[in-house]
Amino acid sequence: MTITSQPTSQTVGVLALQGDFREHCEMLRALGHNAVEIRKREQLADLDALIIPGGESTTIARLIIGNGFLEPLREFCASGRPVWGTCAGAILLARYVDQLDRPGIETMNIRVQRNAFGRQVNSFEADLDIAGLEGPPFHAIFIRAPRIEAVLPPARAIARLDDGTIVAAREENLLATSFHPEITGDPRLHQYFLGIGKGAGEARSAARTGGSAHG
């Protein structure tokens, strides 16, 4: 699939403490955006949006706490800028999680079950109809994926498996997916995510360059 850039380049951070952050960065750069690997909390200040990638949720949670990221990440989520958690990232965004031995970011009103579909050998793929995404179904890849067991207002489900299992949800500026969209080659979900805060992102980008958000 040909990847085309969005009209306005944004600065998007990908938390790079552990997990598959490089794949997200590659997708974002192919779309024409400035992708930044985030390893210090001070880097959050200049971002238009942030992705919490897949990986090992307990390891990422430990590194978030150990590197002083917990409160800055919670504040970032509350700022209205788009935040997207994929797989382990969705676990960390959830307010309610089973068997996570330390606090996550806990800002999204969803309940998540870790490793709900089994071990890595039980990985699978599925075509999903995702609310707000145009075109054919999105081919999703699930690797040691969590299940979104409940979506509580104001969060809402935006994608389900054929059996009704929720695998993607949105709450205002927050997005959570159980699967790994960064390894599919399909840029539509990254484009959708960045569109969540498009107006605010353009304003921040313009401020950095000394221009107008409207050109």
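The values are calculated or read from the model by the stated rules, or taken from the named source; none is laboratory data. Source: prediction; values computed, not measured. Methodologically, a virtual Cβ is constructed for each residue, glycine included, from the backbone with ideal geometry; neighbour enumeration extends over all protein chains shown.
Screening Glu134 with (1) surrounded by 13 or more Cβ atoms within 10 Å (Cβ to Cβ); (2) more than 15 Å from Arg160 (Cα to Cα) gives one miss only, at (1).
Confirm whether Ile91 is assigned to a helix (DSSP H, G or I) and under 15 Å from the mean Cα position of the chain (by Cα). The answer is yes for Ile91.
Can you tell me which of Ile91, Ile141 is surrounded by 15 or more Cβ atoms within 10 Å (Cβ to Cβ), within 20 Å of Leu174 (Cα to Cα) and among the β-branched types (Val, Ile, Thr)?
Numbers: Ile141 fails: within 20 Å of Leu174 (Cα to Cα).
Result of the check over Ile91, Ile141: Ile91.
Would you be able to say whether some residue in the range 136-151 is at pLDDT 95 or above, over 17 Å from the mean Cα position of the chain (by Cα), of a type in the set (A, V, I, L, M) and part of a strand (DSSP E or B)? Scanning the range 136-151, I find at least one residue that is at pLDDT 95 or above, over 17 Å from the mean Cα position of the chain (by Cα), of a type in the set (A, V, I, L, M) and part of a strand (DSSP E or B), so the answer is yes.
Condition (residue is touching a Phe, Trp or Tyr at 6+ places or on another chain (Cβ under 9 Å) and outside any strand (DSSP E or B)) applied to the range 60-73: is it met by at least one residue? Spell out how you get there, then give the answer.
Kept after step one, since they are touching a Phe, Trp or Tyr at 6+ places or on another chain (Cβ under 9 Å), are these residues of the range 60-73: 63.
If we keep only those that are outside any strand (DSSP E or B) too, we end up with 63.
Yes, the range 60-73 contains at least one residue that is touching a Phe, Trp or Tyr at 6+ places or on another chain (Cβ under 9 Å) and outside any strand (DSSP E or B).
Do the conditions hold for Val36, that is, is it at pLDDT 95 or above, under 24 Å from Tyr192 (Cα atoms) and either crowded, with 19+ Cβ neighbours inside 10 Å or among the basic types (Lys, Arg) (or both)? No; evaluated as a whole, the condition is false for this residue.
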